[in-house]
1. Name the helices (complete DSSP H segments) of the chain with a Cα length along the long axis of 15 Å or more and a Kyte-Doolittle mean of at least -1.0, or state none.
2. Scanning the chain for trypsin sites (Lys or Arg not before Pro) in DSSP loops with at most 13 other Cβ atoms within 10 Å, what's the longest stretch left with none?
3. Expressed as a rounded percentage, what relative contact order does region 16-84 have, with Cα pairs under 8 Å and six or more residues apart?
4. What does the net charge come to around Leu36 if you take all other residues with beta carbon closer than 12 Å to its beta carbon, with K and R at +1 and D and E at -1?
5. Given Pro17, Ala30, Ile82, which one lies farthest toward the positive end of the charge dipole of the chain, if we put +1 on the Cβ of every Lys and Arg and -1 on the Cβ of every Asp and Glu?
Amino acid sequence: MKVTTRKWDASEYLDSPEIIHEYLKAAFEAGDSELLIAAIGNVAKAQGMSEIARKANLSRQNLYKALSPDSSPKFNTIRKVIEAIGCKLSIV
């Protein structure tokens, strides 16, 4: 019997605000900026990259580039994307 597999995609499971919040919180608490950028990218993908790009006032290509592995997006870009996905940054 042939077994077919596919790459696991976190964005397929980010289907509620609570799950998204916990996912981003865990990524932030890990202290790894690359992991956090990847997590933000997964949330953006789950919500629709075109829609997030529009809300963040970015081109779709620039959004993909900013959230790609080994990228170093500017803080302003991350702030725009965070707000576009319906989250807020705060310091406690």
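1. Answer set is 17-29, 33-47.
2. The reported range is 8-73.
3. 30
4. -2
5. So the residue furthest toward the plus end is Ile82.
Quick note: the coordinates plus some simple rules give every number you see, no bench work behind them. Computed from a prediction, not measured in an experiment: that's the story for all the values here. Every residue, glycine as well, gets a Cβ built from its backbone with ideal geometry; the counts of neighbours run over all protein chains shown.
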